[in-house]
1. Using 0.36 nm times the number of residues separating residue A:76 and residue A:480, minus their current alpha carbon distance, what extension gain do you get?
2. Compute from the Cα atoms of the range A:640-759 the Rg and the Dmax, the latter being the longest Cα-Cα distance, and quote both in angstrom.
3. With N set to the residue count of the range A:163-320, report its C-alpha Rg divided by 2.2 N^0.38 Å to two decimal places.
4. If I fit a long axis through the Cα atoms of helix A:353-375 and take the longest principal axis of the Cα atoms of chain A, what angle between them do I get, 0 to 90°, rounded to 10?
5. Once label points are set 7 Å from the Cα along Cα→Cβ at both residue B:86 and residue A:100, what is their separation, rounded to one decimal in nm?
6. By count of other Cβ within 10 Å, fewest leading, how are B:168, B:66 ordered?
7. If you stretched the chain out fully between residue A:490 and residue A:297, how much longer would it get, using 0.36 nm times the residue separation minus the C-alpha to C-alpha distance?
8. What order do you get for A:518-526, B:29-37 when each peptide is scored by the mean count of other beta carbon atoms within 10 Å, highest first?
């Protein structure tokens, strides 16, 4: 009881410090408990979704015309998959849609009819229109939960696809819970009627869907090898694969990164709390040395006095940790909502009290341990030693920084002398500043990167982001077409490349590569070798930074790519920080690509406009000049007008069907009506498809950018508060401790400002050194963050690093200076008459 | 003689909860340049309060304090600090040396707040310390290694190193034994002989004998004043008797 009274006395005397420890432990417990609870919630949300929907764990999408039954047979024969489900779906890569706000947007969409959906999973509908209303809809569509949770659509809303300048409006009949294909970063699966499937089959590519589950370890590389061996065709280039683990990783990875960042912040606050405890016990003991002696003389044992200090921190740390734990439990539904928005799935939490309890107990135990380690020092001060204030005030050592040798300012000199007298406290302060500095500087880098939305992310995609991507009809001379487009005044740049779906297998790797090829990489704007150089010859290649790290391949190594019929070796000349296609792309010249795919010709024209705003108008212009895309024309109704006009329109429609659905490259026709011959050809069908990579990128990255920007801003503010609390407490306790010294100096004529400056300058060296260390560490943390979260390395901005470090130093000094303002309250008269 | 310090209707009160304690009441006083003024009075008469008000260490509640022609009672604390460093030196009963600095640095901390570092200054500091009996070896010692008398001598050197226009001392021998006290008073006498104005608060008649003017305070008011010749310039016995008579009259 008497111990508690001593503790309570100390607490009452130092309310500010006690409040700081409560705050820091509260925040630590809150962040750690939230992390502990959320980690399992997120994972279980996915598992539950797969369980409830009965979704297949693996889905392979083969280009329909290249699909062979043997691919399915291999699964059944070699992998003993008993329940292979096969169906046809449509795939629109970067399919244009009109957002709810009327803006043009794009997503990778899979269209499936209801029977296909039921083959893949249960088709668990949620939030749907009444049946009688659905029956009245001419084009109903069921969308995955992403569109409800993240995009904000509601049943009954219009959902419009756009292709070749033509709108395909659907009415949202409802939403459904799905296992796979619920991610805007990969693909989204829309369920439509059989009639609409037929309708859209003229617009989007047809794929063969193979869905299956397997208990066995499934290796894509092995499967592709088996398929290629039995079909003599390269499979990797015709398949889009997806599975539960990939979806889970892709949807949760980003969230996990933020949770780990929260843990990092909590570690920072914990370090600060523990330092504050050590610091405070030391200073309390110094201050209360005589009191300790008196109490010991009165019969209190060292253990009892130690316990009084420990009790104080068990009390403050306990209040903070328990409150933080309770806050985490109360906050759980809010976290569910945030998680739901991030992973586009319903998250139902049963608050895991045990985990929260473990976190709270761990923090209290840690606080107790640290307090115990320092409070045990009471033993070193038996009454007589304590009366003499320990040995601290007895100086027998060397006079460090003698004033006799002072060169410039007395204030600077006295400040630096002060540093030497309180080295241990400075080391502690340094550790706190380093920890907080890493967090705050990293957050500053993030904020800077995302300050203008997703533009920063576009810069590290490692691919060109043109305003318009136009796939040409086969047979169209790409170079000539590009030359023609370059002449338009709206056009800034035109590049010729392959469609992004060109995948190749890499020997010794279980990660296929998307090939990005240009005849001359120096013409690209958004592909920058991090190290090395662009490939210049046909046997050269650049790989992504993630492939470099995960596969331990480096510049100068050889890499073997498997084409349709041959394998070729390439020399790695450069490393590109690339976020596209799971960050595993390879880059090679057109000639280099032809070594493994001799028959492939570049079929995609990438157009960058001088003014981005011109995109819709210029797309219309291209469509009117070079024909609507063949798919669009095939869908078009015959035009109104004269007989000849109607005949020509009908002929165009027929030709478009031949071209888009049967792979016909050239068509000539002649129709005689009476004496009149109406003739024509398919030369004006040059465009197979038009899309905008920029719009797709926006839909995939805008939310990431917004969330990260907000998070980083709050992190900066949060850490700034923590730093202010710590430095403020240190400064105030220094003033309290050195009240006599400052009073004496005031009597000599030192102004309060000079003394505040001295106190501030005392932390200058430790702040500068800590900021430098924090800068180096924060760069390292940043690299880990980007590689783990996005598979890229972003270039570090030296001015930003220096600026952030300088701002940190300035902030620490300002906080200390302001906190040292309590020096003003020291009354010389009171001190002298005490 | 020209007054170096002057007060007009000086009042100083302290509030203690609901009660106000008026320590100095409407005090008009002049301190002359070159004088060794001793302020005496019973405990609680306001001696130290007056000293701190005169020195700009504390602000009066009412009234004015003039240093020469400059009124110092209305300025900010920082302005007063700058004023003190330029014009005043202080010697305290509790000495108040900086514990973490050695003797030399204690004096230099006071010196460098006004003067720039120079070999001449260092030489002068060392000479002054030597003059009060603190050898080169002792100059390297820390306050906790000094006797009370030695520490007070350091305090005096620190107070006079910037050649202040006026030196304030608050019972400088109060915590010293008689031998050390005498040594310290000898230093004060020596400083005064060099033309230094001194204002000293004391309880001790031996200390008061060193002054040239004794002011007696009672309830915050000057109730008597006694003038003396410079110390050593008259008969010590007679000097003591006269002062004793004065103090008896004052109710000492």
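1. Length gained between residue A:76 and residue A:480: 140.7 nm.
2. 40.1, 119
3. So the Cα radius of gyration is 2.17 times the expected 2.2 N^0.38 Å.
4. 30
5. Once both label points are built, they end up 7.1 nm from each other.
6. The fewest-first ordering by Cβ neighbours comes to B:66, B:168.
7. 60.3 nm
8. Numbers: A:518-526: 15.3, B:29-37: 19.1.
Order by mean packing, descending: B:29-37, A:518-526.
Only the coordinates and a few stated rules stand behind these numbers; no lab work does. Computed from a predicted model, the values in this text were never measured in an experiment. For neighbour counting, all protein chains shown are included, and Cβ atoms are generated from backbone atoms with ideal geometry for every residue, glycine included.
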